[in-house]
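> For reference, the structure I am asking about is given below.
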Amino acid sequence: MATMAEFILITGRTAKQGAALHKGKDSSEYRQATGFVQMSREDRERLGVEEGRRVRLRTAFGEAELELREGDVPPGMLFVPLGPGANALIGADTEGTGMPDSKGLPVEVELR
Amino acid sequence: MMIENVVCPFCGCLCDDIAVEVEDNRITAVKKACASGRSLFVNVHTQAAKPTVDGEEVEWPQAIDAAVRILNDAANPLIYGLSSTASEAQRKAIALADLLGATIDSTSSVCHGPTTIGIQSQGEPTCTLGEVKHRADLLIFWGCNPAESHQRHFARYSALTRGKLTPGGRKDRTVVMVDVRPTLSSKRADVFLQVRPGYDFELLNALRALLKGQNLDVDQVGGVEVARLQDLVERMKSCRFGVIFFGMGVTQTGGKHLNVAELVALVAELNAYTRFTAMPMRGHGNVAGADCTLTWQTGYPFAVSFARGYPQYNPGEFTAVDVLARGEADAALIIASDPMAHFPRRAAQRLAQIPTIVLDPEMSLTAQAARVVLPTAIYGVSAAGTAYRMDNVPLPLKKIVESPRPTDEQVLDWMIERVKTCSA
Ligand code: SF4
């Protein structure tokens with residue numbers, strides 16, 4: 001039975017993702033640098049999930065499977081670096097600005 | 001041979017103090033650049049590359065023919081990217097859009113497009129990074145993380161650098177970070193205000209109220225105690241020269257351009273007390289140049305359509321994510337950017353369905369899915385050109401290695417000539 005937990009999703013740049021860009025987006029460095037989600041220690045322990053485990057994230061727009069890592073984010077928030085995982089989760093509605101909402105989206109985490 | 005004072009073309013800092021050692025047309029050492037900049041220089045290709053059409057290698061004239069045929073056959077072509085190419089090429093891309101009646105947009109629309117919209121309603125209290133270096137004693141970083149995304153910003157322009165009126169460097173400056181989470185940057189700040197996601201507007205609005213001397217009948221706003229906001233207002237009023245650098249934490253959360261307008265209004269009001277400015281942390285090396293060149297050529301900074309034969313501007317209508325997600329664009333020319341890797345899935349899916357032409361030194365995800373791939377030289381490494389720093393100061397990019405590849409500007413010129421002969 002899958003467990004669900006609700007979070008707020010923030011996507012953004014990281015130094016590793018910036019450096020890995022030049023190695024090519026099919027490089028293992030780029031996949032490593034973008035294929036994870038960060039969760040606070042409190043939330044990780046509360047949900048009883050191990051680091052390194054793959055979890056499924058779901059927003060109103062799409063879903064992505066990412067590796068779970070503990071990170072310095074406040075409880076209740078998840079951080080995903082810019083890349084294919086983040087793109088699958090954000091919507092294309094720009095509310096007349098040209099800019100999709102890519103920070104502050106409600107997101108569910110599914111743990112199998 | 002050691003080449004000094006090279007401008008790194010990767011991010012909006014455009015650091016112009018890089019030293020690059022070149023032996024036999026190969027880059028053997030890079031000094032002073034950060035990890036991202038170094039990676040750009042050392043991974044550069046200098047070998048020839050042939051253009052491809054439907055995956056088959058062809059000669060340049062055939063590739064240009066195929067590209068122009070796609071664009072001429074389209075009812076609503078989109079030209080997008082521009083932020084990692086030189087302004088000389090940006091200008092040609094605009095000329096091509098004009099000839100074709102195309103929509104043209106830059107990566108600005110998905111980074112600081114809302115900044116431009118906000119500034120259009122409020123004005124722009126700005127300065128150069130030189131002024132920041134020499135004068136600023138209060139640095140506020142709002143919704144940005146320079147330690148990761150602009151790694152030499154602190155050392156060259158802001159927190160750590162020593163200037164004429166800030167000879168003590170870090171000691172002479174107060175650094176404030178506002179963000180939704182602790183970051184590498186916030187760990188180096190004197191004051192860190194952790195705002196709840198989506199509450200930037202409320203926080204800025206509260207600061208404006210406190211600046212006007214109003215009492216707030218709450219204890220905290222967006223997760224930050226009012227006493228700490230009052231303290232920030234006092235620091236802002238009493239500094240000699242303050243600046244708010246802001247990033248996508250402000251432009252990509254709910255409110256978007258309204259957040260920026262509120263931030264700029266606060267900065268404008270602070271000028272009743274002291275000198276205060278605001279500056280967006282522009283990401284790609286020449287994204288500021290894309291805004292400048294488009295404005296200079298069309299009157300508008302991004303989201304421009306030439307469909308009626310004259311430039312029209314409308315974010316939300318002529319922005320790339322929107323024209324793709326709504327299925328309006330029926331062909332695309334992507335210049336030096338990778339929307340397949342960065343756009344929301346619905347927009348990227350449309351891009352995969354329509355014929356696409358890519359001008360890029362790299363085999364990006366967009367290039368991998370494109371009908372026509374035109375491999376070009378890299379401005380700042382294997383081609384010379386002009387780029388605009390985040391403070392809109394233009395800097396010359398050097399050619400430090402030879403490349404047999406043409407520049408974006410040359411390729412766009414060939415396309416323009418071909419379009420003209422087709423329609424003659
Ligand atoms: S901070 Fe930006 S411009 Fe400077 S070296 Fe790093 S990537 Fe290049």
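> Do any chymotrypsin sites (Phe, Trp or Tyr not before Pro) in region B:221-304 lie in a loop, going by DSSP, with at most 16 other beta-carbon atoms within 10 Å of their beta carbon, and if so which?
B:TYR273
> Using a/c under 1.5 as the rounded threshold, could you call region B:287-344 rounded, prolate or oblate? The axes a ≥ b ≥ c are square roots of the C-alpha gyration tensor eigenvalues, and prolate needs a/b larger than b/c, oblate otherwise. Mind dumping the intermediate values first?
Working: a/c = 1.96, a/b = 1.24, b/c = 1.58.
Oblate, because a/c is 1.5 or more while a/b does not exceed b/c.
> Taking H as built 1.01 Å from N, whose amide H comes closer than 5 Å to the amide H of A:GLY104, not counting residues under 5 places away?
Under 5 Å from the amide H of A:GLY104 lie the amide H atoms of A:LEU9, A:ILE10, A:THR11, each far enough along the sequence or on another chain.
> How big is D, in µm² s⁻¹, for region B:280-424 by Stokes-Einstein at 37 °C and 0.692 mPa s if Rh is the Kirkwood radius over C-alpha pairs?
The calculation lands on 197 µm²/s.
> A follow-up question, please. In region A:50-81, which GluC sites (Glu not before Pro) are in a loop and have at most 10 other Cβ atoms within 10 Å, using DSSP for the loop call? Could the numbers behind the result be given before it?
Values: sites: A:GLU50, A:GLU51, A:GLU63, A:GLU65, A:GLU67, A:GLU70; in loops: A:GLU50, A:GLU51.
Taking region A:50-81 and a limit of 10 other Cβ atoms within 10 Å, the loop GluC sites (Glu not before Pro) found are A:GLU50.
> How big is the protein assembly as shown in terms of Cα radius of gyration and Dmax, in angstroms?
Over the protein assembly as shown's Cα set, Rg and Dmax evaluate to 23.0, 71 Å.
> To continue, here is another question. Work out the mean other chain Cβ neighbour count within 10 Å for the residues of A:82-92 and drop it here as an integer.
5
> Using alpha carbon centroids, what distance separates region B:120-172 and region A:34-53, in Å?
Cα centres, region B:120-172 to region A:34-53: 35 Å.
> Right, something else. Once you sort the root eigenvalues of the Cα gyration tensor of region B:113-280 as a ≥ b ≥ c, which label holds: rounded (a/c under 1.5), prolate (a/b larger than b/c) or oblate (the other case)?
rounded
> Okay, next question. For region B:371-424, which GluC sites (Glu not before Pro) are both in a DSSP coil and crowded by at most 12 other Cβ atoms within 10 Å?
Filter output for region B:371-424: B:GLU402.
> Can I ask one more? Per the helix-only calculation at 222 nm, which mean residue ellipticity applies to the protein assembly as shown, given -39500 (n - 2.57) for every DSSP H run of n ≥ 4 and division by its residues, nearest 500 deg cm²/dmol? Before the final figure, lay out each step's value.
Working: 21 runs with 182 residues, N = 536.
The per-residue figure over the protein assembly as shown is -9500 deg cm²/dmol.
> Where in region B:233-257 is the amide nitrogen less than 19 Å from a point lying 7 Å along the Cα-to-Cβ axis of B:ASN271?
In region B:233-257, the label zone of B:ASN271 (backbone N under 19 Å from the point 7 Å along Cα→Cβ) covers B:236-246.
> Can you work out the FRET efficiency for the pair B:THR295 and B:ASN25, with r the C-beta to C-beta distance and R0 = 35 Å, to the nearest 0.05?
Computed FRET efficiency for B:THR295 and B:ASN25 comes out at 0.40.
> A further question on this structure: Per 10 Å bin, what is the whole-percent P(r) computed from every C-alpha pair distance within region B:187-291?
Answer for region B:187-291: a P(r) of 14, 45, 34, 7, 1 percent.
> Right, something else. Evaluate the distance, in nm, between pseudo-label points positioned 7 Å from the Cα of B:GLU4 and of A:GLU6 along their respective Cα→Cβ axes.
Output for this residue pair reads 6.1 nm.
> With the Cα gyration tensor of region A:3-111 giving a ≥ b ≥ c as the square roots of its eigenvalues, does the rule (a/c under 1.5 for rounded; else a/b larger than b/c for prolate; else oblate) give rounded, prolate or oblate?
It is oblate, given that a/c is not under 1.5 and a/b is not larger than b/c.
> Taking R0 as 51 Å, what FRET efficiency do you get between B:GLN47 and B:ASP190 from their Cβ-Cβ distance, rounded to the nearest 0.05?
In this case the efficiency is close to 0.55.
> In whole Hz, what ³J(HN,Hα) sequence does region B:97-108 give by Karplus (6.51, -1.76, 1.60; θ = phi - 60°), x for Gly and Pro?
Values per residue, Gly and Pro as x: 4, 4, 4, 8, x, 8, 9, 10, 8, 10, 5, 3 Hz.
> Moving to a separate point now. Calculate, in whole percent, how much of the Cα-Cα pair population of chain B lies beyond 30 Å.
Result for the distance tail: 45 percent.
> So what is the accessible area of chain B per residue, in Å², with the probe set to 1.4 Å?
It amounts to 37 Å² per residue over chain B.
> Using θ = phi - 60° and the Karplus form 6.51 cos²θ - 1.76 cosθ + 1.60, what ³J(HN,Hα) does each residue of region B:16-33 get, whole Hz, x for Gly and Pro?
Per-residue couplings from phi come out as 10, 10, 7, 10, 10, 9, 10, 10, 6, 6, 10, 7, 9, 8, 10, 10, 6, 5 Hz.
> Using +1 at the Cβ of each Lys and Arg and -1 at the Cβ of each Asp and Glu in region B:113-280, identify which of B:VAL178, B:LEU160, B:THR253 lies farthest towards the dipole's positive end.
B:LEU160
> By the scheme Lys and Arg +1, Asp and Glu -1, what is the net charge of all other residues having a beta-carbon under 13 Å from that of B:ARG308?
Local net charge: -2.
The values are calculated or read from the model by the stated rules, or taken from the named source; none is laboratory data. For clarity, every value in this text was computed on a predicted model and none was experimentally measured. Note: ideal-geometry Cβ built from the backbone for every residue, glycine included; neighbour counts use all protein chains shown. What goes into the accessible areas is simple: the full protein's heavy atoms, side chains included, and nothing from ligands, DNA or RNA. Shrake-Rupley method; radii C 1.70, N 1.55, O 1.52, S 1.80 Å.
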